[in-house]
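Visitor: Input: one structure, supplied below.
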Amino acid sequence: MNVLIYAGPGPWRNEALATAAQFVGQIATSVTLVTGGGIRHTELLDDAVARLALPPDIVVERRVVEGTPQEAILAVASEARHDLVIFGRLQRPLERLLPLRRSDALTRRLRTAVLRVSGPARPIRRILLASGGDQHTFATAKYAALLATPLGASVTLLHVVSQQPVVFEALAPLVADEAAFLAGETPEAITLRQAAAWLREQSIPVAMRVRFGLVLDEILAELHEGDYDILAVGTHHAAGPLDRVLLEDLTGDLLDRCPRTVLVARRMPHD
Amino acid sequence: MNDDDIVKVEAVPEAASDVRGTLWIPGWLLRIASAVAGVLIFVLALDLLKEGARDYGRAMVAFFSVTSPVSALGFGWLLAYMFLSGSPVAAIAVAFFAAGTLDALQTFTMITGSRLGASLIVLGVGFLYYLRGHRRAASVAIGVQALITTAAIYLPAMALGMWALTSGLVQTVHAEAEAPLQSVFDWLYEPVLAAIDALGVPGWAQFGAGIVALLIAFALLDRALPQVDPESNAFGRIGRVVYRPMVMFALGMAVTSVTMSVSVSLSILVPLSVRGLVRRENTLPYIMGANITTFIDTLVAALIVGGAAAFTIVLVEMVSVAILSLIVLLFFYHAFERSILRLQDAIVRNRKTLIVFLSVMFVVPIVLLAF
C-alpha cells in the first residue's frame with residue numbers, strides 16, 4: 001500500500017504524525033512524506049521519519065514542494081498512485097466559520113482515500129463506520145478493516161434512519177426500533193448484516209447500531225456517546241454535475257463538523 | 001403519446017359478447033379542460049363570495065366577534081378547520097376585504113390564520129388513521145412537522161407583515177395587472193351576476209354558492225396537475241439521499257406554485273419516495289418553500305376581487321414569509337431544523353402528547369376569537 005503523509009507545517013501536524021505512526025509501519029509498502037512552503041521545511045520531513053519509526057523495508061520518499069499544504073499534497077498525489085493520503089486538519093478554528101473554506105475541498109479533489117486527522121492524538125481502538133446502507137458501505141468497510149486489523153480495533157457499523165412516511169399509510173412499514181430494523185429485510189439492514197459478516201471474517205470485532213433522526217446529528221451524537229477514535233465514511237456520491245448542485249454533501253458536512261479523525265474511503269481500483 | 005398520457009373515460013361493456021368502442025381522451029387534454037374550468041369557476045366563486053359578503057359576511061363576522069386582528073387570526077384558523085383547506089378561507093378573507101367587512105390588518109391576520117389551520121388538516125387526517133389502529137406515531141409525524149414549521153415561520157412573519165402594513169412601508173406597492181384582469185373577467189361574469197341579482201338571490205345564498213363553487217374550482221385545479229414520473233426525475237431519490245435545503249426549498253416553491261396547496265404538494269412526493277418514505281432533511285425545506293407559493297391563488301383572488309389594496313396585503317404576507325424563510329435558510333437552518341424536529345419527536349412520542357398537542361391546536365383559535 002502506498003501512503004502519502006503531509007508532514008509539513010500545519011495546526012494538527014503532531015497529531016497527524018502520531019496517528020499515522022500507529023499503523024503505517026504495518027500496512028504500508030512505501031511512504032511519501034510531503035511538505036509545502038519550500039526547502040526551509042525540509043527538516044520537518046526528517047523529523048517525521050523519526051516520529052513514524054518505519055521499518056527498514058518500507059520505501060520512504062521525501063518531497064518538498066513550493067506553495068500551500070493543499071497545493072503540495074495535490075501536486076505529489078497527482079504524480080503517482082497512492083492508496084491513502086494522511087494529513088492533519090489544515091484549517092484553523094476560526095477559518096471553519098467561513099463558508100467558502102470548507103474542510104472537504106482538498107478531500108474532494110484527491111482521487112484516493114483520505115485520513116483527515118483532527119483532535120488530540122489517541123490510540124485507535126474504536127472505529128465508527130457511518131453507512132448509508134448502500135453498496136458503498138463495503139468500500140468503507142475495507143478501509144476501516146485496513147486500520148482495524150493491525151491495531152486490533154473494533155468497528156461499529158452505524159446506519160441512521162431519517163425517513164418518515166409522506167402519507168399516513170406508508171407503502172411499507174417504517175421500523176422504528178433498532179433491533180427490529182437490524183433483523184428486517186430492508187436493503188439497508190441486509191447491507192449492514194453483510195458488511196458486518198465480512199468484517200467478522202477478517203477477525204475484527206463488529207457491532208451494529210441504528211439511530212433515528214437527522215443523519216449528521218445522529219452520527220456526531222453516536223461518535224460522542226460511544227467515544228470512538230475514528231469516523232469512517234464514504235465519499236460524496238455525486239454522479240454528475242447536476243447531482244453536485246442538487247445533493248447535500250454529507251461527507252463534506254461531517255468533515256466540517258467532526259471533532260475527531262475522519263477516514264474518507266473510496267472504492268479501491270480492484271473493487 | 002404513451003399509455004400514461006391517456007385517461008380511460010368510458011369502457012362499460014353491457015355484455016361480454018357486446019363490447020362497445022372505448023372512448024379515449026388524452027390525459028393532457030383532460031388536464032387542460034380541468035384547468036380552464038377550474039379557473040373560470042374560481043373567478044365566478046370569488047364574485048359570488050364578494051357579493052354575498054356584503055350582507056352575510058357582516059353577520060358572520062359579528063357572530064364570531066371578529067373585531068381585531070387577533071380575533072381575525074383565530075377566525076381564519078377556525079374556518080380553515082371547517083373547510084379542511086386554507087385556500088378557500090384566504091379567498092373569503094380577500095372577499096371580505098373587498099366588501100369592506102374586514103380592514104387590511106384583519107384580512108392579513110385572517111389569511112395567516114387560514115394557513116395555520118390548513119397545516120393542522122394534514123395532521124388531523126393522520127390522527128384519524130392513528131386512532132383507527134395505525135399506532136405508529138411516525139404516521140402523523142409529517143403532519144406535525146408541517147404545522148410547527150408553518151407556525152415557526154408564519155408567526156414572526158406575521159409580526160413583520162403587520163409592521164410593514166402599519167408603518168406605511170408598502171404603500172408604494174401597486175398591482176399593475178388589476179385593470180386588464182378585471183376587464184377580461186367582467187364581460188364574462190357580469191351577465192351571470194346580473195341574472196343572479198335579478199332573481200333576488202339573498203346574500204347568504206350567494207355566499208354559500210360561492211364557497212361551493214370555490215371548492216369545486218380547487219378540486220378541478222387539483223385534477224389538472226401533471227403526472228410525476230419518478231424514473232426520469234432528478235428528485236427520484238428523495239427517500240434515499242439528502243438534497244441541499246435550498247434545492248428542496250425551491251422544489252417546494254415550484255411544486256406548490258402549480259398545486260397551490262401544501263398538503264397536495266406533500267402528497268406529490270409519494271411517487272418520488274421509496275416505499276412512501278422520505279428523508280426528514282428533505283421535507284422541512286420543502287414545506288418552507290411550499291408555504292410561500294401556496295399564496296399564489298390568494299394573490300390571484302385578491303387581484304380579481306380586491307384590487308391593488310387586497311393584492312398588496314397578500315403580497316406583504318407572501319414577502320414576509322419569504323424573507324423569514326430565507327433568513328432561516330441562509331443563517332440558522334441547522335439550528336432551526338434541529339429545533340423543529342426535536343419538537344416534532346416530543347409531540348409524536350406517544351398518544352398522550354399527541355392528543356394534548358391537538359387539543360391545544362383546537363383551543364388556541366377559539367381563545368384568539370375572544371380578543
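Visitor: Per residue, how big is the convex hull of chain A when only Cα atoms are used? Give it in Å³.
Guide: 141
Visitor: How big, in percent, is the set of alpha carbon pairs in region A:2-117 lying more than 21 Å apart?
Guide: The answer is 30 percent, as a whole percent.
Visitor: Output wanted: per-residue J couplings in Hz (rounded whole) for region A:204-212, from phi through Karplus 6.51 cos²θ - 1.76 cosθ + 1.60, θ = phi - 60°, x for Gly and Pro.
Guide: Once θ is set to phi - 60°, the couplings for region A:204-212 become 9, x, 10, 10, 10, 9, 10, 10, 10 Hz.
Visitor: Just checking the output field for A:213-220: average partner chain Cβ neighbours within 10 Å of each residue's Cβ?
Guide: Shielding by partners across A:213-220 averages 4.
Visitor: What's the ranking of B:25-31, A:214-220, A:82-88 by average number of surrounding C-beta atoms within 10 Å, highest first?
Guide: A:82-88, A:214-220, B:25-31
Visitor: Within a 10 angstrom radius of the beta carbon, how do B:352, A:142, B:50 rank from fewest other beta carbons to most?
Guide: Ranking B:352, A:142, B:50 by Cβ neighbours within 10 Å, fewest first, gives B:352, A:142, B:50.
Visitor: Round to a whole angstrom and tell me the spacing of the C-alpha centers of region A:175-236 and region B:298-341.
Guide: 40
Visitor: Between residue B:163 and residue A:201, what is the label-to-label distance in nm when each label sits 7 Å out along the Cα-to-Cβ direction?
Guide: Simple spin-label model gives 6.4 nm for this pair.
Visitor: Hey, another quick one. For residue A:86, what residues show an amide H to amide H distance below 5 Å, using hydrogens built from the backbone and excluding near sequence neighbours?
Guide: Hits under the 5 Å cutoff: A:4, A:5, A:6, A:115.
Visitor: How are the alpha carbon pair distances in region B:244-371 distributed across 5 Å bins from zero to the largest one, expressed in percent?
Guide: P(r) over region B:244-371, rounded to whole percents: 2, 10, 14, 16, 19, 19, 13, 5, 2, 0.
Visitor: Another one. In sequence order, what are the phi-derived ³J(HN,Hα) couplings for region B:254-261 according to the Karplus relation 6.51 cos²θ - 1.76 cosθ + 1.60 with θ = phi - 60°, rounded to whole Hz, with x for glycine and proline?
Guide: Here the 3J(HN,Hα) series is 5, 5, 6, 5, 9, 7, 6, 9 Hz.
Visitor: Could you give each residue of region A:254-266 its phi-based ³J(HN,Hα) in whole Hz, using Karplus coefficients 6.51, -1.76, 1.60 with θ = phi - 60°, and x for Gly or Pro?
Guide: 5, 4, 5, 9, 6, x, 10, 5, 10, 9, 9, 8, 10
Visitor: Please compute the average number of Cβ atoms from other chains found within 10 Å of each residue's Cβ in peptide A:243-249.
Guide: What the average comes to for A:243-249 is 6.
Visitor: Quick one: B:201, A:34, fewest Cβ neighbours within 10 Å first, how do they rank?
Guide: Ranked by crowding around the Cβ, least crowded first: B:201, A:34.
Where a number appears in this text, it was derived from the coordinates with a stated rule and is not lab data. Being a predicted model, the structure only gives us computed values, none of them experimental. Positions of Cβ are generated from backbone atoms using ideal geometry, with glycine treated the same way; all protein chains shown enter the neighbour counts.
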